[in-house]
Structures are given as C-alpha cells and as structure tokens.
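Peer 1: I have a structure I would like to understand better, so I am pasting it below and will then ask my questions one at a time.
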Amino acid sequence: MSAVTKFTARYKADNADLALSEWDSFNAEHTQVPDWVSALRKRGFDKVIQQGLPTTKLERFKYFNLPAYLKKNELIYAKADIVLDGFTEYVRVLPEALNDLSEELKSTIILSPVGEDKYGDMMLWDTANAYFNDGVILDVPADKSVDKPLNITITGHGNTATTTRNIIRIGDHSEVTIVEYHISSNVSWHNNVTQILLGKGARLKHYRIQENNKNSAYTGNTHVQIGQNAYYEAFTLTKGSALSRNQVHVELQGAGAECFVNGINMISGKQQGDTTITVEHQAPNCISKQNYRSVMDGQAVCTFQGKVHVHEIAQKTDGYQLSNTLLLSPTATMNTKPELEIYADDVKCSHGATAGNLDKEALFYLQSRGIPEAEARALLIKAFLEEVIEQITDEAVREQVELIAEKWLILRTGDNDGEGWL
Amino acid sequence: MIKIKNLHAEIDGTEILKGLDLEIGAGEVHAVMGPNGAGKSTLSYVLAGRDGYEVTEGSAELDGVNILDMDPDERAAAGLFLAFQYPVEIPGVQMTTFLKTALNAVRKARGEDELDAIGLLKLMKSKCKELGISDEMMKRAVNVGFSGGEKKRNEVLQMAMLEPKFAVLDETDSGLDIDALKVVADGVNALRSEGRSFLVITHYQRLLDYIKPDHVHVLAKGKIVKSGSADLALELEKNGYADIVGEAA
C-alpha cells in the first residue's frame with residue numbers, strides 16, 4: 001500500500017499509514033451515513049493512528065506479519081464486491097441499512113471491538129471501523145427455520161484493499177445456515193469483521209470457504225455471542241491467500257450453549273495461514289469443541305493458537321481443542337499454541353496437538369497393493385482431512401469441501417506451486 | 001517363474017540377506033522356514049520393495065523381469081503380492097475406496113479396463129462371500145478395528161481381488177487361533193492355481209498342515225541352508241532349527 005506521506009507527521013505508530021491509505025478521500029466520499037457511523041469511523045481512524053497495525057511484537061500476532069505484506073504491495077481502497085443468493089429474506093445491505101438500524105444492533109456495532117480488548121491487539125477491528133461502510137446485516141426474528149442457506153460471495157479485485165462488516169442476529173429458536181465464499185483475484189487485502197448474536201435455542205451453521213488468490217491477504221475477525229441452549233457450528237476452509245488470518249472469539253453466555261469451531265488448512269508454497277481462536281465459557285453446562293487439521297507443503301507456515309477460558313461460574317464445562325498437522329515437506333512450519341485457562345473446579349477440558357509426516361507404513365501398504373505413490377499420498381492426506389470434514393453437518397457444504405480438498409490434492413504434483421509474496 | 005539369485009540386502013549398513021538363491025516354478029508352493037533373526041521378514045520386504053532395505057547384490061526375477069528395480073506399486077502390477085505379517089491400519093480410508101483404487105490401478109497398469117463402482121461391488125461381494133467376510137467389514141476403514149483373524153482374511157481378500165502371479169505370505173499364521181488359521185488357509189488354498197506361485201514364510205510348521213507346500217527351505221543367517229520336500233518341515237518341528245543352523249555355521 002502506498003505511504004500517504006501527508007499523515008506521517010501525525011502517526012505515532014509507524015505503520016498506521018499502511019492501514020489508512022486514502023482514508024480522507026474515503027471519508028469524504030462516503031457521507032450518506034448517520035452521525036454515529038461517522039463517529040465510529042473517526043474513532044477507528046484515531047485508534048489506528050495511535051496503535052498502528054498489529055506487528056509481530058504482539059503475542060497473538062507473533063507469526064502474522066501484515067505490515068510486511070502491505071509494505072510490499074501497493075493497494076488502493078475499493079468498495080467491497082458482495083454478492084448474495086439463496087435465503088436473503090432478512091438480509092439488508094450496508095451502508096443503506098445503517099439509516100434505520102435497531103438500537104440493539106447499533107449499540108452492538110458501536111461497542112465493538114468487544115471482549116478481546118484486554119489483549120490490546122484489536123487494531124484490525126479498529127481499521128474495519130475506520131472504513132465502516134460495506135457489509136450485510138442478517139436479522140432473523142424468533143422461531144424461523146430456514147432450509148436454504150444464505151450464500152455470501154466476497155470478491156477482492158486486484159490491487160485493492162476492502163473492508164466488510166457483517167452483523168448476524170438469529171432470534172430465539174431460529175435456525176439458519178450461512179456459507180461465505182471468499183474469492184480474490186490477485187494482490188489485495190480484505191479485512192472482514194463479523195459479529196454474531198444467537199438468541200435462546202438459536203442454531204447457526206456458519207461455513208467459510210476461503211479460496212482467495214495466492215498473492216492476496218485476508219484477515220477475518222469473528223465475534224460470536226451464544227445464548228442459552230443455542231448452537232453455533234463453524235467450519236473454515238483455508239486454501240488461498242499468501243497471508244490469511246482467521247481470528248474467532250466465542251462467548252458462551254447462556255447455560256447449555258454449544259459451539260463447534262472447526263476447520264482445515266491446505267496451504268503450500270510460501271503461504272501463511274493463521275488461526276487464532278478464543279472460546280470463553282461464561283455460563284454452566286456449555287460445550288465447546290475446536291478441531292483443526294492442517295496440511296502443508298513447500299515452505300508454508302501455519303499457526304494455530306487456541307484458547308479455552310473457563311470462567312468461575314461455568315461449572316460442568318466440556319471443552320475440547322485439537323490441532324493435527326501433516327507436514328508434507330521438511331521446510332513447512334507449524335506453530336501451535338494451545339491454552340487452557342480454567343477458574344471453575346468441575347469441568348472437563350482437554351487439548352492436544354500433533355504435527356508429523358505421512359505414515360510411511362500406510363504409504364508402503366497402499367503402494368504394495370498397486371497404488372502409485374502420488375495417489376497413495378493423496379488418499380492418506382484426504383483421509384487425514386476427512387476426519388474433520390465429516391463433522392460438517394450440512395451435507396451439501398460437506399460435499400463441496402470434499403471436492404475442494406480432492407482438487408487441491410490432485411493439483412499437488414510437486415512440492416511448490418504457490419507463488420507466495422515473499 | 002520366480003528366480004532369486006545371490007540376493008544380498010542390508011538395513012542401515014547391516015547385511016541381513018547374504019546370497020540367497022531360490023527358484024519357484026509356476027503353480028508351486030514353497031515354504032521358507034527359519035529361526036528368529038534369519039532374515040525371513042527381510043526377504044518379504046525386499047521382494048515387495050519397502051523403503052530402508054538396500055539390495056547390494058543379486059536379482060529377483062518374476063517371469064524373466066528383475067522386479068528389484070521397480071517401485072512397490074509397479075511390482076504389484078507386475079504380479080507380486082505380499083500378505084503382511086502385520087497389516088497396517090489406515091484410519092479414514094474406507095475398504096471399498098481402498099479396494100477400488102488398488103484394483104483399478106493394477107488393472108490400468110496391466111492394460112485392462114478399469115472397473116466401475118458397480119462392477120467392483122459385485123466382485124467384492126462375491127470374493128467376500130467366498131472368504132466369509134461380512135459386508136459390514138467393507139464399510140469400515142482399512143484394518144481399523146479388525147480382529148487379528150479379520151486382518152489376515154482381509155489380506156487374502158485383497159490377494160483374491162488383485163490376482164497376483166506370485167504371492168508372498170509373511171508369517172500369516174502369527175496371532176491366529178486354529179479356527180482363524182483354517183479360514184485363512186482355506187482362502188489361500190482356493191487361490192492356488194497352475195499360474196500362481198506362493199512363497200509361505202513361517203516360523204512354525206503348523207501353518208503347513210493347512211497350506212501344503214511342494215518344497216520347504218530353511219533360511220538361516222541370510223541364506224537358504226537346506227531344501228527338501230514337505231517332510232523337512234516335520235523334521236524341523238521335531239528337532240528344531242539348532243542342528244541345521246549349526247551345520248550351516
């Protein structure tokens with residue numbers, strides 16, 4: 001992104017200009033918004049001026065160097081390209097929808113970033129506030145059950161920086177499925193913030209298929225608040241982007257709430273994929289499961305930072321976290337940091353992490369049955385991923401993910417097909 | 001049909017096979033017996049092409065072609081089959097997927113038409129029935145949760161489907177009770193034919209009561225030290241290996 005020299009003197013953090021390219025003209029052009037939105041943009045802008053973008057000096061960004069990417073690539077602000085289909089009945093598009101937003105959703109947005117302030121590293125969220133304009137609102141009333149999923153396709157165009165804010169509220173006992181497709185075409189940065197509120201007994205299946213161009217950057221920040229007996233199922237497939245981050249913060253706020261935060265990473269070349277998850281158990285009898293599997297080739301770098309935080313009140317918590325990794329090349333790197341922070345005494349919590357190579361015995365066994373090595377390897381990698389893919393409860397999405405995984409495996413001829421950006 | 005000549009092989013620089021010679025005619029069943037550490041399993045792995053076993057001298061020809069230069073999958077396509085002593089569990093790979101992939105890979109390499117899902121299912125069902133393998137087993141992942149007997153029957157099933165010219169059975173009797181052993185042996189016997197040769201590698205004579213060999217060889221210290229008829233196995237059972245191995249040394 002080009003350095004905007006006229007701001008430099010005002011910047012305390014030396015990389016803020018990378019995040020705030022053309023903010024003045026953005027702000028001047030997008031004026032058809034209520035005052036509170038203007039105020040939020042200004043607040044975001046000021047925060048970024050003070051703090052800059054997250055650097056690798058921050059604990060949770062230790063392995064994620066967005067400023068380096070932005071220094072390397074010149075990007076200009078662009079309006080997000082969002083296409084909606086499927087179940088769109090309760091969907092409204094930003095910024096038009098901001099003019100008559102309910103007080104509750106308004107305050108939800110204004111209060112953000114929420115929950116993770118204590119880490120002092122929510123600059124990406126502040127950046128999204130500074131450029132607050134595009135996105136969708138899905139506000140489903142109580143007792144609605146929808147069979148058809150809402151499909152959201154976000155396309156990033158070459159040499160652009162885009163920001164989206166999505167606010168999803170599912171009313172009591174309603175059931176909804178959302179599938180996000182992220183497709184960018186070249187060098188670009190998409191910064192996304194999604195806020196999710198689930199009422200009592202609500203059920204949301206939230207799938208994200210990230211197949212961005214391998215030269216792009218993607219930062220996803222998701223915050224989920226789950227009410228009593230509500231259910232949140234997330235699955236994220238990360239295949240694209242030179243640099244991607246999938247940060248999820250879940251608050252289990254009502255008793256009996258459940259969340260499944262799963263995903264797979266399939267990256268190669270010089271790609272970097274970062275998954276940072278925090279699950280907070282704030283009520284008793286809740287269940288949380290995190291299950292990630294990563295397959296890496298070339299010089300790819302994956303990071304999994306998962307945390308389960310059990311508050312004192314959250315007795316009878318069932319928390320589980322697992323990260324398994326297959327390293328297909330000796331130069332691929334996996335950084336794993338599982339954490340449990342438990343303040344209640346009657347809980348069941350476990351975490352685990354593995355990283356290893358393909359099982360040579362299994363490979364030989366398959367080959368000895370006539371299966372050529374490349375095919376045998378693909379079969380074993382697919383089997384490894386399948387153990388998480390099969391947990392996707394939506395059949396159509398599960399099949400899509402399987403196809404994408406198979407395609408990726410077929411295309412894997414050598415050990416380095418990603419161009420990377422470094 | 002199978003000619004192993006002066007085979008030398010080592011693991012990590014330690015020579016295990018030290019000039020092994022063996023010839024097996026078409027349709028014959030040969031047994032190789034020997035004490036622990038004689039090189040029995042090494043022989044089977046060297047023939048199948050497992051990583052880590054280095055052939056330093058000699059050849060192993062199947063129908064006049066040296067298989068030692070081939071990858072393991074090419075050897076399978078050429079007609080070699082190894083029934084593992086310890087069949088490998090492969091979580092996440094369904095039996096049907098595995099059999100279809102293997103069979104079609106071999107058929108393709110042999111220049112035969114690949115089977116579609118229905119053709120495969122039919123073939124699988126008929127072979128399973130012959131071997132007393134339940135359909136339920138076919139719905140599981142490869143060898144996962146299989147009992148010792150089921151694993152060995154699964155090896156025989158794969159052999160029946162891949163139709164090799166030369167099958168090596170590596171300690172197929174290990175870990176089996178007498179009933180399971182009979183079932184496996186019946187499966188193997190059903191596959192005996194004029195065009196198919198077997199090498200039965202075993203520590204105990206017991207297996208040879210059920211799979212009758214044409215010839216028996218004693219492997220000790222990396223070489224065949226004695227060959228004879230099926231009676232040799234009985235003699236070994238009675239007197240142990242000590243005499244023969246001692247003679248050789």
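Peer 1: Mind checking the full-extension length gain between B:Asp135 and B:Leu123? Use 0.36 nm per residue of separation minus the Cα-Cα distance, one decimal, nm.
Peer 2: Extending this stretch completely gives an extra 3.1 nm.
Peer 1: Taking a 31 Å limit on the Cα-Cα distance, which of the listed pairs A:Lys316/A:Lys407; A:Lys144/A:Lys289; A:Lys47/A:Lys316 fall beyond it?
Peer 2: A:Lys316/A:Lys407; A:Lys47/A:Lys316
Peer 1: Right, another one. Give the percent of DSSP beta bridges with both residues in the range B:2-248 that are antiparallel, rounded to the nearest 5.
Peer 2: 60
Peer 1: Just check chain B against the gyration tensor rule for me: Cα atoms, a ≥ b ≥ c as the square roots of the eigenvalues, rounded for a/c under 1.5, and otherwise prolate or oblate depending on whether a/b exceeds b/c.
Peer 2: prolate
Peer 1: While we're looking at this one, here's another question. Considering Cα pairs under 8 angstrom that are at least six residues apart, work out the relative contact order of chain A and quote it in whole percent.
Peer 2: It rounds to 10 percent for chain A.
Peer 1: Say the dipole of the protein assembly as shown comes from +1 at the beta carbon of Lys and Arg and -1 at that of Asp and Glu; which of A:Ser145, B:Ala230, B:Gly34 then lies farthest toward its positive end?
Peer 2: A:Ser145
Peer 1: Applying 1/(1 + (r/R0)^6) with R0 = 25 Å to the Cβ-Cβ distance of A:Asp117 and A:Lys337, what FRET efficiency is obtained, to the nearest 0.05?
Peer 2: 0.75
Peer 1: If you roll a 1.4 Å probe over the heavy atoms of the protein chains, what accessible area per residue do you get for chain A, in Å²?
Peer 2: I get 37 Å² per residue for chain A.
Peer 1: Sort out for me the Cα centre separation of the range B:142-178 from the range A:188-257, rounded to whole Å.
Peer 2: Value for the Cα centre distance between the two parts: 47 Å.
Peer 1: Let me ask you something else. Enter the angle in degrees (range 0 to 90, nearest 10) between the Cα long axis of helix B:178-191 and the first principal axis of the Cα atoms of chain B, meaning the one along which they spread out most.
Peer 2: 80
Peer 1: A further question follows. Please enumerate, by chain and number, the lysines with C-alpha under 16 Å from the C-alpha of B:Lys165, excluding those fewer than 8 residues away in the same chain.
Peer 2: B:Lys3
Peer 1: Sticking with this structure for a sec: Taking only protein heavy atoms into account and a 1.4 Å probe, give the accessible area per residue of the range B:118-177 in Å².
Peer 2: 39
Peer 1: A follow-up question, please. Under a Cβ-only charge scheme (Lys and Arg +1, Asp and Glu -1), can you give me the dipole magnitude of the range A:103-171 about the Cα centre, in debye to the nearest 20?
Peer 2: So the dipole magnitude of the range A:103-171 works out to roughly 180 debye.
Peer 1: Related question: Defining a contact as two alpha carbons under 8 Å apart and six or more residues distant in sequence, what relative contact order in percent does chain B show?
Peer 2: For chain B, the relative contact order is 28 percent.
Peer 1: With point charges of +1 on the Cβ of Lys and Arg and -1 on the Cβ of Asp and Glu, referenced to the Cα centre of the range A:229-306, which listed residue (A:Gln272, A:Gln299, A:Asn262) lies farthest in the positive direction of the dipole?
Peer 2: The Cα lying farthest towards the positive end belongs to A:Gln299.
Peer 1: So, one more: Cβ neighbours within 10 Å, averaged per peptide: list B:227-236, A:281-290, A:97-106 in order, most packed at the top.
Peer 2: Working: B:227-236: 16.1, A:281-290: 22.8, A:97-106: 13.8.
Ranking, from highest mean packing down: A:281-290, B:227-236, A:97-106.
Peer 1: Separate question: Enter the mean number of other protein chain beta carbons within 10 Å of the beta carbon of each residue in A:23-29, as an integer.
Peer 2: For this peptide, the per-residue mean of nearby foreign Cβ atoms is 0.
Peer 1: Then there is this: Considering every residue in B:87-98, what mean count of other chain Cβ atoms within 10 Å of its Cβ is obtained?
Peer 2: Working: counts 1, 9, 4, 10, 7, 11, 10, 2, 0, 0, 3, 6.
Taking all residues of B:87-98 together, the mean is 5.
Peer 1: Still on this structure: Quick one: helix B:95-109 against the long Cα principal axis of chain B, what's the angle to the nearest 10°, folded into 0 to 90?
Peer 2: Taking Cα atoms only, the helix is inclined about 70 degrees.
Peer 1: Same structure, new question: Quick one: which of A:328-338, A:214-224, A:177-187 comes out on top by average Cβ neighbours within 10 Å, and what's the full order, highest first?
Peer 2: Top to bottom by mean Cβ count within 10 Å: A:214-224, A:177-187, A:328-338.
Peer 1: In addition: Evaluate the charge dipole of the range A:80-357 about its Cα centre and quote only its size in Debye, nearest 20, assuming +1 on the Cβ of each Lys and Arg and -1 on the Cβ of each Asp and Glu.
Peer 2: 780
Peer 1: Below 15 angstrom from the Cβ of B:Asp113, what's the summed charge of the other residues (Lys, Arg +1; Asp, Glu -1)?
Peer 2: Here the count lands on +1.
Peer 1: Let me ask another. If a/c stays under 1.5 just call it rounded; otherwise compare a/b with b/c (prolate if a/b is bigger, oblate if not). Do that for chain A, with a ≥ b ≥ c from the square roots of the Cα gyration tensor eigenvalues. Spell out each step's value before the answer.
Peer 2: Numbers: a/c = 1.58, a/b = 1.19, b/c = 1.32.
Oblate is the answer for chain A, as a/c is 1.5 or above yet b/c matches or exceeds a/b.
Peer 1: Taking every residue in B:158-166, how many Cβ atoms of other protein chains lie within 10 Å of its Cβ, on average?
Peer 2: Going residue by residue through B:158-166 and averaging, the value is 1.
Peer 1: Less than 19 Å apart at the alpha-carbon level, and either on another chain or at least 8 residues along: which lysines does that give for B:Lys238?
Peer 2: B:Lys212, B:Lys226
Peer 1: Give me the distance between the Cα centres of the range A:77-97 and the range B:44-87, rounded to whole Å.
Peer 2: When both Cα centres are located, 61 Å separates them.
Peer 1: List the aspartates and glutamates whose Cα lies under 12 Å from the Cα of A:Lys270, skipping any in the same chain that are fewer than 8 positions away.
Peer 2: In chain and number order, the partners are A:Asp297, A:Asp415, A:Asp417, A:Glu419.
Peer 1: Let me ask something else. Amide H neighbours of B:Gly19 under 5 Å, counting only residues 5+ apart in sequence or on other chains, H built in-plane at 1.01 Å?
Peer 2: Placed amide hydrogens put B:Leu7, B:His8, B:Ala9 under 5 Å from B:Gly19.
Peer 1: Here is a further query. Among the chymotrypsin sites (Phe, Trp or Tyr not before Pro) in the range B:150-249, which ones are in a DSSP loop with at most 15 other Cβ atoms within 10 Å of the Cβ? Mind listing them?
Peer 2: Numbers: sites: B:Phe166, B:Phe198, B:Tyr204, B:Tyr210, B:Tyr241; in loops: B:Tyr204, B:Tyr241.
Here the sparse-neighbourhood loop sites are B:Tyr204.
Peer 1: Using a 1.4 angstrom probe on heavy atoms only, work out the carbon and sulfur share of the accessible area of the protein assembly as shown in %.
Peer 2: Its accessible area is 48 percent carbon and sulfur atoms.
Peer 1: Nearest 100 Å² is fine: what is the total accessible surface buried where chains B and A meet, probe 1.4 Å?
Peer 2: Its buried surface, counting both partners, is about 1900 Å².
Peer 1: Non-local amide H neighbours of A:Thr164 (under 5 Å, H modeled in plane, Pro and chain starts lacking H): which ones?
Peer 2: For A:Thr164, the qualifying residues are A:Asn191, A:Asn192, A:Val193.
Peer 1: Calculate how steeply helix B:148-162 sits against the longest principal axis of the alpha-carbon atoms of chain B, using the helix alpha-carbon long axis, and give the answer as 0 to 90 degrees to the nearest 10.
Peer 2: It is inclined by approximately 80 degrees.
Peer 1: Still on this structure: Give me the dipole magnitude in Debye, nearest 20, for the protein assembly as shown about the Cα centre, with unit charges on the beta carbon: positive for Lys and Arg, negative for Asp and Glu.
Peer 2: Using Cβ point charges on Lys, Arg, Asp and Glu, the protein assembly as shown gives about 780 debye.
Peer 1: Return the sequence-ordered ³J(HN,Hα) values of the range B:195-208 in whole Hz as given by the Karplus equation 6.51 cos²θ - 1.76 cosθ + 1.60 applied to θ = phi - 60°, using x for Gly and Pro.
Peer 2: So the Karplus estimates, Gly and Pro as x, are x, 10, 10, 10, 10, 9, 9, 8, 8, 10, 6, 2, 4, 6 Hz.
Peer 1: In addition: Taking a threshold of 21 Å on the Cα-Cα distance, which of the pairs A:Lys382/B:Lys122; B:Lys5/B:Lys223; A:Lys118/A:Lys307 fall above it?
Peer 2: A:Lys382/B:Lys122
The values are calculated or read from the model by the stated rules, or taken from the named source; none is laboratory data. None of the values given here were measured: they were computed from a predicted structure. Heads up, the Cβs are rebuilt from the backbone with ideal geometry, glycines too, and the neighbour counts pull from every protein chain shown. All accessible areas refer to the heavy atoms of the entire protein, side chains included, with ligands and DNA or RNA removed. Shrake-Rupley method; radii C 1.70, N 1.55, O 1.52, S 1.80 Å.
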